[in-house]
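The values are calculated or read from the model by the stated rules, or taken from the named source; none is laboratory data. Just so it is clear, the model here is predicted, and its values are computed rather than measured. Note: ideal-geometry Cβ built from the backbone for every residue, glycine included; neighbour counts use all protein chains shown. Ligands, DNA and RNA are stripped out before the accessible areas are found, and what is left, the full protein with its side chains, is counted by its heavy atoms. Shrake-Rupley method; radii C 1.70, N 1.55, O 1.52, S 1.80 Å.
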Amino acid sequence: MLKDKKIPVVAVFDVGKTNKKLFLFDERYHVVFERSARFIETVDEDGDPCENLDSLRLSIFDSLREVFANKKFELRAINFASYGASLVYVDDNGTPLTSLQNYLKSYPQDLKREFYQKYGGEELFAAKTASPVLDSLNSGLQIYRLKKERPQIFKKVKYALHLPQYLSFLLSGKAYSDKTSLGCHTNFWDFEKDDYHEWVSKEAIRDKIAPIVSSDHVSLATFPGSSYSVGVGLHDSSAALIPYLKSFREPFVLLSTGTWCISLNPFNQQVLTAEELNQDVLCYMQYEGKAVKASRLFSGFAYEQQIKRIANHFGCDVLGFRNLVYRQELVKSLSTELIKTENWRSLPYEKRDLCEFETEIAAYYQLMVDLVVQQYHSTKLVLDGTSAKRIFVDGGFSKNAVFMNLLAAIFPNYEVYAAHMPQATAIGAALVIHQVWNTKPLPNDIIELKLYTPHQKNEDESKI
């Protein structure tokens, strides 16, 4: 009989700009099924590239049919995590009225000026909403544009749903808003009032935003023959924080590394200053509705560009840099001067003459020193004034021994850990609805940590 017993699972759709993934997790949060898809972009009404919403919708239904047909699994719940700053406008029948606008789409500068002049100016408005002026990346400006440029479509809008909540709506038929999406540089949320900014009501947009529910809210699915629960969906950066918030009680900063290196401090609720906004500091909203102060660097992109430059100069392969062992003696011979505070956002390596270095290894180490010094200033922006004494690093640089040792050296008074947790975003979306599908207690070993200390090569790995 035990052989025929189905495995209880939760399904999470992790929708990135490039890859769309489905994961099934068992009650111990192990991946037991995985599917990935990539779609060719389509174009919007102006001919600009955008997400193919029809392909995404069909892919979700096709994936679920495959799961239902698999007799090994008992599907108990579904949740979603996706990129933010993207709105789906649905009518009274739940049908999208427009294409899904790309958040990189250019924004009319006259309309932008009109908006900020009307509501207090860029600096004051950005401080209130914790939203740097980012044009279409401020999703509130997208619906403002729709109202001004396409008023007939705007009148038909029943709800403007951020992408994670639209995906949830497809399966539940229930339209909701979630603070992790509303609080992500959208211009919608006034962090001082902890409510919508006044412009949302004045522009008759408030009624077109679905009711806010908590991030652990679930609805019953409307999918034929189903009896599972559907989560409301989460913004992906906020979802990736959840496993850490569930696992650790002491304050920490999470340095999430990839194309962007984002320092996230969920224990820093200080109001953003104009100076911080000018240094690309912003706020996200965590799943419990509290602000998360964040600072960003384009370090992953810069790293990829510069190692190609080194490889071209020395005639070597970039793969040779992948698993370098940390050598303290190389660091002592390099330029480690701290970048002046006002200039730290410029990476000095971009102007360095590679002829100054005898070997590609020496050139590489200098690149890592420059990147880590820059990272020091960026992370300090969210560390200062808080009691956090631990820094968790996940993503690509967490596997780079040179980066990790240098980071530990430049933060000698902090515990610096490389964190390994495959599919952190998807696990976060599963954890937040744990109580509705999982009969076991929350696991305490889903994050694997490796401590780095100044001038030591490594410590034994441990699971916490």
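Taking LEU255 as meeting all but one of (1) open to solvent by less than 10 Å² (accessible area, probe 1.4 Å); (2) of a type in the set (A, V, I, L, M); (3) part of a loop (DSSP other than H, G, I, E, B), write down the number of the exception.
All conditions are met except number (3).
Testing VAL331 on (1) at pLDDT below 90; (2) exposed (fewer than 10 other Cβ atoms within 10 Å of the Cβ); (3) in a helix (DSSP H, G or I), one condition comes back false. Which one is that?
The single condition VAL331 does not satisfy is (2).
Considering the range 281-294 alone, what residues qualify as being in contact with a helix residue (DSSP H, G or I) (Cβ under 8 Å, 6 or more places away or on another chain) and closer than 18 Å to LEU134 by Cβ?
VAL281, TYR284, MET285, VAL292, LYS293, ALA294
Would you mind telling me which numbered condition in (1) open to solvent by less than 20 Å² (accessible area, probe 1.4 Å); (2) within 25 Å of the chain's Cα centre (by Cα); (3) hydrophobic (A, V, I, L, M, F, W, C) PHE73 fails?
Failed condition: (2).
What residue, among those in the range 258-295 that are charged (D, E, K, R) and surrounded by fewer than 24 Cβ atoms within 10 Å (Cβ to Cβ), is nearest to VAL382 (Cα to Cα)?
GLU276
Going through the range 411-420 one residue at a time, which ones are open to solvent by less than 40 Å² (accessible area, probe 1.4 Å) and more than 14 Å from LYS450 (Cα to Cα)?
PHE411
Kindly indicate whether any position in the range 219-228 is among the small types (Gly, Ala, Ser), outside any helix (DSSP H, G or I) and crowded, with 18+ Cβ neighbours inside 10 Å.
yes
If I ask for residues that are closer than 20 Å to ALA430 by Cα, part of a loop (DSSP other than H, G, I, E, B) and not basic (Lys, Arg), which ones from the range 71-98 would you list?
TYR83, GLY84
Answer yes if at least one residue in the range 376-396 is closer than 30 Å to PHE13 by Cβ, open to solvent by 50 Å² or more (accessible area, probe 1.4 Å), at pLDDT 95 or above and out of contact with any helix residue (DSSP H, G or I) (no Cβ under 6 Å at 6 or more places or on another chain), and no otherwise.
no
What tally of residues in the range 113-147 results from selecting those that are under 21 Å from ARG296 (Cβ atoms), open to solvent by 30 Å² or more (accessible area, probe 1.4 Å) and part of a helix (DSSP H, G or I)?
5
Assess whether SER237 counts as being of a type in the set (Gly, Ala, Ser), in contact with a Gly (Cβ under 8 Å, 6 or more places away or on another chain) and open to solvent by 20 Å² or more (accessible area, probe 1.4 Å).
Taking the combined requirement at face value, the residue satisfies it.
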